[in-house]
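The values are calculated or read from the model by the stated rules, or taken from the named source; none is laboratory data. Remember, it's a predicted structure, so these values are computed and weren't measured experimentally. We place every Cβ from the backbone using ideal geometry, glycine too, and count neighbours over all the protein chains shown.
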Amino acid sequence: MVKNTGERVIPEYSDPTNNLLLEHAARYQFSLSYMQGRVLDLSCGAGYGTHMIAKQCKHVIDEVIGVDIDEEIIRYAKGTYYHPKSSFEIHDAIDPHLSSHLGTFDVIVSFETYEHIKEEEKLLHNYYQLLNPGGKLIISTPFGKGRGKECGSPFHVHQITPQEFRDLFTNYAKQEFFYQNGVLIEPPREDVYYPLGLAVCEK
């Protein structure tokens with residue numbers, strides 16, 4: 001049985017009112033209107049989000065691939081979630097040959113990944129390389145004191161500021177930024193605290 005430890009969200013082992021589960025599900029729900037063609041869920045974890053995309057977007061996508069570095073969690077995903085348009089594979093998000101292994105995609109979702117990656121430039125490079133021209137990257141990360149500064153989570157390398165987050169995507173043709181507090185995801189309002197940001201970037 002896979003362990004539900006750290007920040008791993010596994011719906012089958014969670015209270016349905018668990019805030020962390022609801023917040024994660026809200027991000028996937030937010031992403032659904034962007035789905036088309038070939039989709040990558042990079043750092044998919046237990047796979048429930050990949051499955052949500054496959055089920056709810058089956059008429060507009062060709063396939064969705066869930067990728068995670070954790071062999072145990074991918075084994076769990078394969079055994080728990082099945083859909084004819086989804087599959088799961090084990091890969092490292094910063095593997096320089098990732099696009100050779102997977103090909104390219106029309107949409108990439110990558111939620112709560114960036115803050116875990118020390119070699120962030122390799123991750124950002126892979127996002128760009130894996131996208132088709134005109135493709136969309138949908139990414140989220142929690143905010144904190146800034147790059148290289150201590151944060152409250154033992155699982156995070158750092159938690160960047162909202163401005164640092166916006167600066168990550170200047171090489172994309174278009175960028176839209178949204179902010180999340182609980183299950184609410186919206187454009188930023190003045191004088192409102194948001195613990196987490198989402199970006200939708202078009203190559």
### Task
Output yes when any residue across the stretch 52-63 is modelled with pLDDT of 95 or more, surrounded by 14 or more Cβ atoms within 10 Å (Cβ to Cβ), touching a strand residue (DSSP E or B) at 6+ places or on another chain (Cβ under 7 Å) and not in a helix (DSSP H, G or I), and no when none is.
yes
Selection from the stretch 86-116 of residues of a type in the set (G, A, S) and in contact with a strand residue (DSSP E or B) (Cβ under 6 Å, 6 or more places away or on another chain) yields S86, S87, A93, S110
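Taking the condition of being among the charged types (D, E, K, R), touching a strand residue (DSSP E or B) at 6+ places or on another chain (Cβ under 6 Å) and farther than 17 Å from Q56 by Cβ, how many residues in the stretch 70-85 meet it?
2
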Worksheet item: Is it the case that the stretch 73-88 has a residue that's outside any helix (DSSP H, G or I), surrounded by 15 or more Cβ atoms within 10 Å (Cβ to Cβ), at positive phi and not hydroxyl-bearing (S, T, Y)?
Response: no
Exactly one of S43, S33 is surrounded by fewer than 14 Cβ atoms within 10 Å (Cβ to Cβ), out of contact with any helix residue (DSSP H, G or I) (no Cβ under 7 Å at 6 or more places or on another chain), at pLDDT 80 or above and under 17 Å from I138 (Cα atoms), and that residue is S33
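So that you can scan it fast, the table gives a plain yes or no per residue for (1) more than 19 Å from P195 (Cα to Cα); (2) in contact with a Pro (Cβ under 6 Å, 6 or more places away or on another chain); (3) without any contact (Cβ under 8 Å) to a residue 24 or more places away in the chain:
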residue: L98; (1), (2), (3): yes, no, no
residue: L102; (1), (2), (3): yes, no, no
residue: S110; (1), (2), (3): no, no, no
residue: E119; (1), (2), (3): yes, no, no
residue: K122; (1), (2), (3): yes, no, no
residue: N132; (1), (2), (3): yes, no, no
residue: L137; (1), (2), (3): yes, no, no
residue: K149; (1), (2), (3): no, no, yes
Checked against (1) free of Cβ contacts under 8 Å to residues at least 12 places away in the same chain; (2) closer than 20 Å to Y28 by Cα, Q163 satisfies every condition except (2)
Within the stretch 133-159, restricting to residues that are aliphatic (A, V, I, L, M) and within 30 Å of Q36 (Cα to Cα), the one that is surrounded by the fewest Cβ atoms within 10 Å (Cβ to Cβ) is I138
Reported set for the stretch 96-141 where residues are touching a helix residue (DSSP H, G or I) at 6+ places or on another chain (Cβ under 6 Å), under 22 Å from E176 (Cα atoms) and modelled with pLDDT under 95 is T141
Selection from the stretch 91-131 of residues over 14 Å from N171 (Cα atoms) and assigned to a strand (DSSP E or B) yields F105, D106, V107, I108, V109, S110, F111
